[in-house]
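Here is the structure we will look at.
The values are calculated or read from the model by the stated rules, or taken from the named source; none is laboratory data. The shown structure was predicted, so the numbers you read here are calculated from the model rather than taken from an experiment. Don't worry about glycine lacking a Cβ; one is built from the backbone with ideal geometry, like all the others, and counts go over all protein chains shown. The accessibility values were calculated without ligands, DNA or RNA, using every heavy atom of the protein model including side chains. Shrake-Rupley method; radii C 1.70, N 1.55, O 1.52, S 1.80 Å.
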Amino acid sequence: MSNEFILETRGLTKEFKGFVAVSKVDLKVKRGSIHALIGPNGAGKTTCFNLLTKFLIPTSGQILFDGTDITPEKPAVIARRGVIRSFQISAVFPHLSVLENVRVALQRKLGTSFHFWKSERSLHTLDAHAIELLRQVDLEGYADLPAVELSYGRKRALEIATTLAMDPKLMLLDEPTQGMGLEDVDRIRQLIKKVAASRTVLMVEHNMSVVASIADTITVLQRGATLAEGPYAEVSKNPLVIEAYMGSANTELKGAH
């Protein structure tokens, strides 16, 4: 595996009692890029993410991260390597403040999560780092607010901050703009672009305008197999992709230019 790719899968396959959810997927994610995984419903995108983070065990195939075969490893080991899936580890604690949420994530990284007997004052050393992470996601002004009071889009921004606190080398974003209004979508789009400047992002995303504007490479899955791969301009003109997206999503594909 060349140093160019941070993540590579070879023939990644997952079968459920005869049903093939992911079929021989060869994925190559370039270091420092934003790579989007798209496809119609039931294409196997979420299953693929679950395989990469080992929440599902592959039926066959290999997963390589940073040149190491991580196929046999457990989820916690993979997370420690720096493969962090947002909206999985980062469900927000609603009644803690925005700052405290990020501080909890920083504690996990330190491995002191269970030091309940320690004085809370010992956590204040993490505050400067937490504030810096909130600054990165434009939430510094909300530090003392209970997380439950944040708007939906800002909650997602907080989830990204808590993911960043885990110091990811590869950030997996699962439908980061799902259920958002236009203003929030734009905020999260800009945020992803910003955080991707110093790390690699692999995202599952339905919103074609987001994919078109920030993804360097797009992999299209259909029925668990790779249908097409390349930059958006190329993939969106591919007749097989257009056919796979017939109906409402096809108009999305055309409308995202």
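What residue, among those in region 177-196 that are among the small types (Gly, Ala, Ser) and either in a helix (DSSP H, G or I) or open to solvent by less than 50 Å² (accessible area, probe 1.4 Å) (or both), is farthest from residue 215 (Cα to Cα)?
181
Would you pick out the residues in region 211-225 that are within 18 Å of residue 185 (Cβ to Cβ) and either among the acidic types (Asp, Glu) or surrounded by fewer than 20 Cβ atoms within 10 Å (Cβ to Cβ) (or both)?
Listed by number, the residues that qualify are 213, 214.
Listed residues 3, 41; which is without any contact (Cβ under 8 Å) to a residue 12 or more places away in the chain and part of a loop (DSSP other than H, G, I, E, B)?
41
I need the full set of residues from region 12-36 which are within 15 Å of residue 223 (Cα to Cα) and in a strand (DSSP E or B), in order please.
Residues satisfying the conditions are 12, 13, 14, 15, 16, 19, 20, 21, 22, 23, 24, 25.
In a helix (DSSP H, G or I) and surrounded by fewer than 22 Cβ atoms within 10 Å (Cβ to Cβ) - does that describe any residue in region 59-75?
Yes; the residues of region 59-75 include at least one that is in a helix (DSSP H, G or I) and surrounded by fewer than 22 Cβ atoms within 10 Å (Cβ to Cβ).
When residue 47 is evaluated against the numbered criteria (1) touching a Lys or Arg at 6+ places or on another chain (Cβ under 6 Å); (2) assigned to a strand (DSSP E or B); (3) under 30 Å from residue 151 (Cα atoms), which criterion, by number, is the only one it fails?
(2)
Please enumerate the residues belonging to region 6-25 that are out of contact with any strand residue (DSSP E or B) (no Cβ under 6 Å at 6 or more places or on another chain) and either under 17 Å from residue 64 (Cβ atoms) or touching a residue at least 40 places away in the same chain (Cβ under 8 Å) (or both).
If the condition is that a residue be out of contact with any strand residue (DSSP E or B) (no Cβ under 6 Å at 6 or more places or on another chain) and either under 17 Å from residue 64 (Cβ atoms) or touching a residue at least 40 places away in the same chain (Cβ under 8 Å) (or both), then 15, 20 are the ones that fit.
Tally time: how many residues in region 111-140 are open to solvent by 50 Å² or more (accessible area, probe 1.4 Å) and either in contact with a Cys (Cβ under 9 Å, 6 or more places away or on another chain) or modelled with pLDDT of 75 or more (or both)?
Total meeting the criteria: 8.
Specify the residue that is modelled with the lowest pLDDT; the eligible residues are those in region 141-155 that are open to solvent by 100 Å² or more (accessible area, probe 1.4 Å) and not in a loop (DSSP other than H, G, I, E, B).
Step by step, filter region 141-155, then rank; the result is 152.
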